[in-house]
Amino acid sequence: YFMDNMNGRISYSGWIHYPLSSESRGVSIFIELNSELLFEGIGFPELLIDKSMSKPDNYKKYSYAKYYAGELTDKHGDYNYNFYVHTYLTTGREFEFNSWDGMEHLIYHTREDNYVIVSRELITFVDYLISFPYLFVFYFLSVLIILTAGSSSIRRRPVRFDLKLKIQLAIVSIVFVSLLLVAAVTIWYNVKEYKEKHRNDLSEKMISIAAEIDAHIEDDNTLSDNQIDWLNRELSRLSNTFQTDINIYGTNGAIIATSRPEIYYRGLISDRMNSKAYNEIFTHFQISYFQPESIGLMSYLSAYRPIINNAGDYLGVINLPYFIKQDRYSQELSTIIVAFINLYVLLLLASIIVALFIANQITRPLVLLQENFKKIELGKRNEPIFYARNDEIGSLIKEYNRKVDELAVSAELLARSERESAWREMARQIAHEIKNPLTPMKLNVQHLQRTKGDGEDYEKLIQRITDTLIEQIDNLSNIATEFSSFAQIPTALPQIFKLSEQIEKVIDLYEPVDRVHVEFHANGLEYIDVKVDRDQFSRAIINLVKNAIQSIPDDRKGRVDIHLSRHEHVAVVSITDNGEGISEELSEKLFTPSFTTKTSGMGLGLAIVKNIVDNFSGRVWFKTKEGKGTTFYMEIPIWEDTKSPSGS
């Protein structure tokens, strides 16, 4: 029959009638069977426990209690349950879930006034937070690996170790190494303290056990059989009291009494005393001796102390093999390591955030300084940098502001010097050009003054001198006109227009020219729009065509071809003539004011063209071959909304 004793054990009772003879009534035998208690307390080695009967590891985090008739009959675990179950009941239902004392409890009402309570620690927000660093590191590394493996540009791109990255790496590295050293030292220290604690516990137990044994046999000269029997019983009692195993060896090193004979019955350990310990006790006369020993893969600390009677004779040696619970030791050590890993990861993440913040704060003024350096332009107002802090970067920025001011002054002086130099050169050229026609005018007037008389010759002379004066006056007028054109280019007024249409209008001006044929080739690019000043563009084309015509000798049938082409986002107008070309030594001066390939004038036309094209954000250049002719190229940005006939 099953016996519900509510004591945590499985119990059965049985009745067997055994007849002695046919005439007698026989004998009744009553049997009670109880399941064996699994004792896993301190001092009992794990290797003696049947693994099939031991509790699974995940059960060890639970506590439970059994109540019979409302009173506590059995409990297991670390939680301290009340004696009466009614203090926990709230609803009276079969299953109740409650939380108190930082624990989560399940109360199961089996029947009548019998209950079972199972408890475990509450899972708090901190427990969830602990997993965050691991998840963050895992997903961060996963995303980094995926991006690196999936993007060939990232793999090919060299890492730029700028100042910001160096500061971040320095801070994170210092924190990483510091935390690693602190973690290693702390774990080492905790392990050392843990072992030292158990060593001290073992020493205290040895002193207490030795005092109990010495008090009983200190007057004996030898250990008799009766004394050995007493020692076996006493060691069992002391073992339960102090929760440790106890062995006693004789003076010959053989085991004579033990609280745990199973170890020796199973042959797990020798029945002889450790030779090194024996030598320390009986040769070097150590009062106590500790040494690490092992059974298979299981290590433990063993303590030895001699038994000495009042006469000073050695009667034996007490041995305490201190079997530390490996799972508890591993749990305590892993708890320390996990706590440090959590703290380590959190501090590492915090250090990364702090490193980013500090690096940004340090490099922000430098980035600002860099951006302002990029904006520096000669001849324009460069804004100073405002920085309130008085540190090394502040000194650098102050020096930058000072240099900006000096640069502005220098740029103004340079511009003034260039203007004065240009005007001096221009004045020299103007004086030279004006002087040239004035000289023949003066000579003709003087000649007229010296000549007196009437008649046909005198009238012819006056006519010739008059013609000469008119011609030179026209030259002076042309000089003034060209100089005025160069000095007074009006402000550009950008307009959107078809490039080819405007070029054709300019070509129409040169239709009456007999000795030169001017032809335009749009090359299918009639759709190209530009946004520039229409009048200035026409002026530039006129100057280039005029320059091309005037560079052709009178004895040569002239031809000027104008071509329109496109290169990505710019349009190129090329003007080719079959004139004399330009020599190599004169090519560098072509766009300089006063230089000309023509036989008359100041040569300001090409300088005007260059100024106009520069205002368009374009460029002008040429290619020439002496005796064959010259091609001028004018590049102008295409208006961004220009649509080709195909719609692209």
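One line per residue, one yes/no per condition, for (1) surrounded by 14 or more Cβ atoms within 10 Å (Cβ to Cβ); (2) free of Cβ contacts under 8 Å to residues at least 60 places away in the same chain:
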residue	(1), (2)
Gln243	no, no
Asn252	no, yes
Thr258	yes, yes
Thr283	no, yes
Glu293	yes, yes
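Return a yes/no flag: does the range 304-318 have any residue that is modelled with pLDDT under 85, surrounded by 14 or more Cβ atoms within 10 Å (Cβ to Cβ) and within 59 Å of the chain's Cα centre (by Cα).
Scanning the range 304-318 turns up no residue that is modelled with pLDDT under 85, surrounded by 14 or more Cβ atoms within 10 Å (Cβ to Cβ) and within 59 Å of the chain's Cα centre (by Cα).
Conditions: (1) more than 30 Å from Ile337 (Cα to Cα); (2) within 58 Å of the chain's Cα centre (by Cα). Asp220 meets all but one. Number of the miss?
The one condition Asp220 does not meet is (2).
Condition test on Ser208, is it surrounded by 11 or more Cβ atoms within 10 Å (Cβ to Cβ), within 60 Å of the chain's Cα centre (by Cα) and closer than 30 Å to Ile308 by Cα?
no
Looking at (1) under 30 Å from the mean Cα position of the chain (by Cα); (2) surrounded by 11 or more Cβ atoms within 10 Å (Cβ to Cβ); (3) of a type outside the set (S, T, N, Q), which is the one condition that is false for Glu371?
The failed condition is (2).
Collect the residues in the range 164-177 that are surrounded by 14 or more Cβ atoms within 10 Å (Cβ to Cβ) and of a type outside the set (A, V, I, L, M, F, W, C), keeping them in residue-number order.
Those that are surrounded by 14 or more Cβ atoms within 10 Å (Cβ to Cβ) and of a type outside the set (A, V, I, L, M, F, W, C): Lys164, Gln168.
Scanning for something under 49 Å from the mean Cα position of the chain (by Cα), surrounded by fewer than 21 Cβ atoms within 10 Å (Cβ to Cβ) and modelled with pLDDT of 75 or more, does the range 570-582 turn up at least one residue?
Scanning the range 570-582 turns up at least one residue that is under 49 Å from the mean Cα position of the chain (by Cα), surrounded by fewer than 21 Cβ atoms within 10 Å (Cβ to Cβ) and modelled with pLDDT of 75 or more.
Considering each of Leu180, Leu238, Leu223 in turn, give the residue that is part of a helix (DSSP H, G or I) and crowded, with 17+ Cβ neighbours inside 10 Å.
Unique residue meeting the criteria: Leu238.
Here are Leu368, Leu349: which of them is in contact (Cβ under 8 Å) with a residue 60 or more places away in the chain and more than 30 Å from Ala257 (Cβ to Cβ)?
The conditions single out Leu349.
If you check Glu511, Glu526, Glu585, which single one turns out to be over 20 Å from Lys628 (Cα atoms), out of contact with any Lys or Arg (no Cβ under 6 Å at 6 or more places or on another chain) and at pLDDT below 85?
When all the criteria are applied, what remains is Glu511.
Lys380 is checked against (1) more than 30 Å from Asp219 (Cα to Cα); (2) at pLDDT 80 or above and fails just one. What number does that condition carry?
(2)
Which condition breaks for Ile269 when tested against (1) of a type in the set (A, V, I, L, M, F, W, C); (2) in a loop (DSSP other than H, G, I, E, B); (3) over 60 Å from the mean Cα position of the chain (by Cα)?
(3)
Just checking, which of Ala211, Ala184 is small (Gly, Ala, Ser), out of contact with any strand residue (DSSP E or B) (no Cβ under 9 Å at 6 or more places or on another chain) and over 30 Å from Thr251 (Cβ atoms)?
The conditions single out Ala184.
The values are calculated or read from the model by the stated rules, or taken from the named source; none is laboratory data. Every value quoted in this text rests on a predicted model; they were computed, and no experiment measured them. Neighbour counts run over all protein chains shown; Cβ positions are idealised from the backbone, glycine included.
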